[in-house]
Structures are given as structure tokens and as C-alpha cells.
Amino acid sequence: MTCRLYLNQELHIAISINLPSNHAHYLRSVMRLSAGDEIVLFNGSGGEYLCTVEQLTREDPSCRVDSFSDVDREMPSRVHIVQAACRSEKIETVLQKATELGAASFTIVRSERSSLKLDGAKLKKRLERWQNIIIEAAEQSGRTMIPKVSWANALKDTPTQGLNFILHPEPNASSWKEQNEAMFNSDDITLAIGPEGGWSDRDIETLNTSGFTCLTFGPRIMRTETAAPALLAAIQSRLDR
């Protein structure tokens, strides 16, 4: 399989691109590529570019852009994941797997039972790490767009887009079966997933006020890192081309 890499810059056919040192090291030392080998670059604006490695020297690594393919591997509906802040390794699992499954964006939000607190330089560093995890998952999975991850300190600041659901097993919640037709016809779907201890009553009230309704997904209770990938897989099976 041709190596795919994300490059955050404009790309055009028949130009030479200077490769970042980390990309050059990966191609040279990990993938064992050399001059004349083909790679694929994408910049998150849609489609991807077939390129030929010109050189992978430490001083001046470069490739030539040969052609553009207007391929689209994105889901026809944009699914936005609101993940309640929990242990970092669980968030990283959600970001990786949900990116592979087609999530359009991520918001990590503090809830009443959230165990993770971040601010200042620590938050900036963590967001950079999370974004890199997303980029690597997009490179591996063939995505042509890069989901963005953001942080919200309060549930009241949770963004809403399209149909907004809280995964929560309350007696009056709508079921997946009842809602999947509406999801099929919606351009945007927002799914809010609780922390390890689940959403509190206050959390549910806040999200309801913001326009979210409760949704159940089968008879079993999933772990926080399982819920978003499971829902995305189900939505993808209904929506994906």
C-alpha cells in the first residue's frame, strides 16, 4: 500500500515540495523509501496527490507532485463527537478509532463526573498531542479530511450541529431504531458520550437545555471509549456509500 502523509500546505500538480524533516525520517528510516518511490500526500482540503520522491537527504528532502485524485472517502453526513473528559488514554482511543470510522470533529468537554482537568500550557500540549493522533489515524485510514479537536470547560459551551443526541439509558430515551431514519436524512449529527461514571442528572439537564435528546443504543451499557466508535460504525453502515 502506498504511504500516505498529511501536509498542511497548498499542493499543486507539477511542483516540487520540500518535505518536513519528520516526514523525511519516516519515509527514509521506517518505510525504507528512496528516490523514485511513490507516496500520497493530502492537505485536508479534499482529494489526494500522487507524488514521486526526488530525494530524502537530511538537508533537502523533497518530492514532485505528479497528479491529483478527487477521491472522497468521507461520510455523507458529518458526525460530531462530544466526549466527556475522562482518562487521557481513553480519549486517545476514542480519537483514533472514531477518526478511522469517519468522525467529522471532536469536542472534549468537562462534565460533573469528569476526572480530567486541563488548562493553560498543559491544555495546549494535550490538544497538540490529540490532533497528532487524529492526523495519524487519518493518514492510515485513507481519510481526505482532518477532523479538528477542541476543548470546552463547561457543558453549557457544548457545540450543537444538526441532530443532537446524548447517549444515556433513561426510560424515556429514543432508541437507535427510532432515530436512524432521521439520521439518514440529516447533514449533521452530534453525539454526546459521558465519562466513566456516566452523565449526572445535572449534566442531562444542561444538555437538554442546549438541544440534546437522550438516545439508547441496545440493551447493554458500553464503556466511555467504546460508545463513540460503536455508534459511528452503526451510522456508517446506514449512511456510507
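The values are calculated or read from the model by the stated rules, or taken from the named source; none is laboratory data. Since we're looking at a predicted model, the values are computed, not measured. Cβ atoms come from the backbone with ideal geometry, glycine included; neighbour counts cover every protein chain shown.
Pull up the range 95-116, narrow it to residues that are assigned to a loop (DSSP other than H, G, I, E, B) and among the charged types (D, E, K, R), then point me to the one that is nearest to the chain's Cα centre (by Cα). Per the stated criteria, the residue is Arg110. Screening the range 153-184 for residues that are within 22 Å of the chain's Cα centre (by Cα) and assigned to a strand (DSSP E or B) and picking the one that is farthest from Ile204 (Cα to Cα) gives Leu163. Within the range 41-94, the residues that satisfy the criterion of being more than 25 Å from Asn180 (Cα to Cα), aliphatic (A, V, I, L, M) and under 16 Å from the mean Cα position of the chain (by Cα) are Ala85, Ile91.
Let's see how each residue does on (1) of a type outside the set (Phe, Trp, Tyr); (2) modelled with pLDDT of 95 or more; (3) out of contact with any helix residue (DSSP H, G or I) (no Cβ under 7 Å at 6 or more places or on another chain); (4) under 21 Å from Gln140 (Cα atoms):
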| site | (1), (2), (3), (4) |
| --- | --- |
| Tyr49 | no, yes, yes, yes |
| Ala85 | yes, no, yes, no |
| Glu92 | yes, yes, no, yes |
| Glu100 | yes, yes, no, yes |
| Ala103 | yes, yes, no, yes |
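With the requirement that a residue be of a type outside the set (A, V, I, L, M, F, W, C), farther than 25 Å from Ile133 by Cβ and surrounded by 13 or more Cβ atoms within 10 Å (Cβ to Cβ), what does the range 19-54 give you? Of everything in the range 19-54, those that are of a type outside the set (A, V, I, L, M, F, W, C), farther than 25 Å from Ile133 by Cβ and surrounded by 13 or more Cβ atoms within 10 Å (Cβ to Cβ) turn out to be Asp37, Glu38, Thr52, Glu54. Criterion first (of a type in the set (D, E, K, R) and at pLDDT below 95) does Arg238 satisfy it? Criteria met by Arg238. For first residues located in the range 207-221 and on the phi < 0 side of the Ramachandran plot, partners that are acidic (Asp, Glu) and lie 6+ apart or on another chain with Cβ distances below 6 Å form the pairs Cys214/Glu170. Given the structure, is Trp176 at pLDDT 95 or above and buried (at least 16 other Cβ atoms within 10 Å of the Cβ)? Taking the combined requirement at face value, the residue does not satisfy it. Residues in the range 212-228 that are part of a helix (DSSP H, G or I) and among the hydroxyl-bearing types (Ser, Thr, Tyr) were compared, and the one that is surrounded by the most Cβ atoms within 10 Å (Cβ to Cβ) is Thr224.
Taking each residue of the range 60-78 that is touching a residue at least 12 places away in the same chain (Cβ under 8 Å) and buried (at least 17 other Cβ atoms within 10 Å of the Cβ) and looking for partners that are outside any loop (DSSP other than H, G, I, E, B) and among the aromatic types (Phe, Trp, Tyr) with beta-carbon atoms closer than 7 Å, six or more apart or interchain, yields Val65/Tyr49. Somewhere in the range 3-22, is a residue of a type outside the set (Lys, Arg) and touching a residue at least 60 places away in the same chain (Cβ under 8 Å)? Yes, because at least one residue in the range 3-22 is of a type outside the set (Lys, Arg) and touching a residue at least 60 places away in the same chain (Cβ under 8 Å).
Just one of the listed residues (Glu196, Glu178, Glu128) is touching a residue at least 40 places away in the same chain (Cβ under 8 Å) and farther than 18 Å from His80 by Cβ, and it is Glu196. Out of everything in the range 185-211 that is part of a loop (DSSP other than H, G, I, E, B) and loosely packed, with under 13 Cβ neighbours inside 10 Å, what residue ends up being modelled with the lowest pLDDT? The residue in question is Asn185.
Taken together, the residues in the range 26-59 that are more than 30 Å from Ser105 (Cβ to Cβ) and among the aliphatic types (A, V, I, L, M) amount to 4.
Look at the range 144-169: where a residue is charged (D, E, K, R) and a partner is part of a helix (DSSP H, G or I), sitting 6+ places away or on another chain with Cβ atoms under 6 Å, you get Lys156/Thr206.
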